[in-house]
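Heads up: the structure comes next, in structure tokens.
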Amino acid sequence: MSTDTDSGLRNALDFSRDEAILFVLDNMIWPILLITILIFSAIVPIFSSVGNIRALLFGTAALSAIVLGETLCLLSGHFDLSVGASAGFSAIFTAVLLTEWFPGTPGIVGIAIVLLVGMLIGLINGVSITYIGVNPFLQTLAMLMILSGSIQLLSSTALSGLPETYLFVGGGQIGTIPVAIVLMGLLYLAFGIWLKYSATGRAIYAVGGNKKAATEAGINTTFIVVLVYVFSGMLAALGGLLYTGFLGVAPPTIGQNDVFPAFAAAVIGGVSLFGGRGNVLGAVGGVVLLASVESALVLMGIEATAVDVINGFVLLIAIILYTMEERIRQRVITKY
């Protein structure tokens with residue numbers, strides 16, 4: 001009897017320890033972020049100033065929107081290589097419409113148009129992948145190329161003279177707090193709650209975890225996949241809108257280099273490349289970590305080309321950590 005009790009106690013302790021390990025793996029971004037901030041604050045004291053933190057968050061609001069869209073795709077077991085190009089095309093198309101094709105159009109109409117353009121791009125991606133059966137990599141890569149070329153056809157120079165209400169979303173302030181920071185905070189909170197507590201949100205995780213099992217459980221996987229791509233397109237377009245407001249103009253380079261930072265931020269934040277695991281809060285941590293590294297390097301006077309190289313190493317380290325995390329996770333899970 002005593003032996004059975006001891007064995008049960010050991011099993012319970014092992015299970016609790018393994019649960020703790022999985023919890024640490026799921027939230028690894030936060031101790032990494034804390035250590036990074038402490039190191040940079042010691043090297044460059046101005047890094048931790050309120051003004052710099054505000055500027056850091058303000059400058060990454062647009063990327064945060066793009067990362068949120070990519071995160072939704074990854075959670076469903078898919079990905080979107082066109083997020084950066086979607087942000088750029090949506091912003092440039094709408095800017096041309098507002099300044100050249102239909103000048104005098106209200107800014108609020110422009111906001112609706114830019115989001116609808118992004119949703120249409122996402123819808124095309126989702127329908128091609130689900131109904132036609134195009135591989136997600138090939139579909140979104142082709143969309144990236146189409147949109148990048150289309151941007152150059154629409155405009156080769158920065159577009160100015162946009163309505164103030166259109167620019168307000170990305171460049172306005174509520175008191176001393178940028179609207180973009182407030183908006184992204186609310187969006188991440190809303191999507192986090194939706195993913196955790198709604199039937200559709202749980203279905204996204206189910207599809208990402210095991211698409212076949214999700215189908216057998218009665219989940220409309222086609223609808224779910226199309227939905228995440230529509231959201232991805234809309235959030236990418238929001239990123240383009242935020243970039244435009246932040247800059248005050250719409251340059252043709254908007255979002256062009258954001259696809260890899262979007263993946264990196266999501267993966268660093270603990271979102272699985274294979275779907276079904278992760279959360280938007282972790283993705284926030286990933287965005288802030290990338291922004292912190294770049295901000296600190298700029299404050300240290302590092303050249304822009306060197307910053308790109310270091311960011312590449314950060315991505316490589318993130319991939320290595322992700323691989324190690326997956327191996328540890330699999331060893332823990334296979335015990336049961």
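For this structure, a couple of remarks:
- Sequentially through segment 28-40, phi angles give Karplus couplings (6.51, -1.76, 1.60; θ = phi - 60°) of 4, 4, 6, x, 5, 5, 4, 4, 4, 5, 5, 5, 5 Hz, Gly and Pro residues having no value and appearing as x.
- In terms of surrounding Cβ atoms within a 10 Å radius of their Cβ, Phe23, Phe260 rank from fewest to most as Phe23, Phe260.
- Remark: segment 95-109, residue by residue, has Karplus-estimated 3J(HN,Hα) of 5, 5, 4, 6, 9, 10, 7, 9, x, x, 5, x, x, 5, 5 Hz, where x stands for each Gly or Pro and the curve is 6.51 cos²θ - 1.76 cosθ + 1.60 at θ = phi - 60°.
- Fewest neighbouring Cβ atoms within 10 Å first, the residues Asp26, Asp308, Asp80, Asp258 line up as Asp308, Asp26, Asp258, Asp80.
- Between amide H atoms placed 1.01 Å from N, distances below 5 Å from Leu159 occur with Ala250, all of them 5 or more places distant or on a separate chain.
- Dipole-positive endmost among Ala62, Gly185, Thr200 within the chain (Cβ charges, Cα centre): Thr200
- Distant-in-sequence amide contacts of Ile177, defined by a placed amide H-H separation under 5 Å and a gap of 5 or more residues or a different chain, comprise nothing.
- Dipole of the chain computed with +1 at Lys/Arg Cβ and -1 at Asp/Glu Cβ about the Cα centre; of Gly88, Gln152, Ile124, farthest Cα towards the positive end is Ile124.
- Taking the number of Cβ atoms within 10 Å of each Cβ as an exposure proxy, the fewest-first ranking of Ser155, Ser16 is Ser16, Ser155.
- Segment Ala199-Arg327, extension gain: residue separation times 0.36 nm, minus the distance between their alpha carbons: 43.0 nm
- Considering only Ala266, Ala87, Ala42, the mean-square fluctuation computed in a Gaussian network model of the chain, springs between alpha carbons under 10 angstrom, is largest for Ala42.
- Applying 0.36 nm per residue to the separation of Ile310 and Leu281 and subtracting their alpha-carbon distance, the gain on full extension is 8.0 nm.
- Taking amide H as placed 1.01 Å from N in the peptide plane, Ser76 has its amide H under 5 Å from the amide H of Gly276, each at least 5 places away in sequence or on another chain.
- Values of log10 I(q)/I(0), in the order q = 0.10, 0.18 Å⁻¹, for segment 227-336 under a Debye, Cα-only, solvent-free model: -0.38, -1.06
- Residue of Gly275, Gly239, Gly133 that the Gaussian network model of the chain assigns the largest fluctuation, springs spanning Cα pairs under 10 Å: Gly133
- Between Asn257 and Ile146, the distance separating the two model label sites (each 7 Å from Cα on the Cα→Cβ line) works out to 2.7 nm.
- Estimated FRET transfer efficiency (Ile320, Ile35; beta-carbon r; R0 22 Å; 0.05): 0.85
- For the chain, the Cα gyration tensor yields ellipsoid semi-axes of 37, 26, 17 Å (square root of five times each eigenvalue, largest first, whole Å).
- Our helix-only sum for the chain, with -39,500 (n - 2.57) per DSSP H run of n ≥ 4 divided by its residues, gives a mean residue ellipticity at 222 nm of -25000 deg cm²/dmol.
- Point-to-point label distance, Phe102-Glu303, nm (Cα→Cβ direction, 7 Å offset): 4.7
Just so you know, all these numbers are worked out from the coordinates, no wet-lab data involved. Small disclaimer: the values here were computed from a predicted structure and weren't measured. Note: ideal-geometry Cβ built from the backbone for every residue, glycine included; neighbour counts use all protein chains shown.
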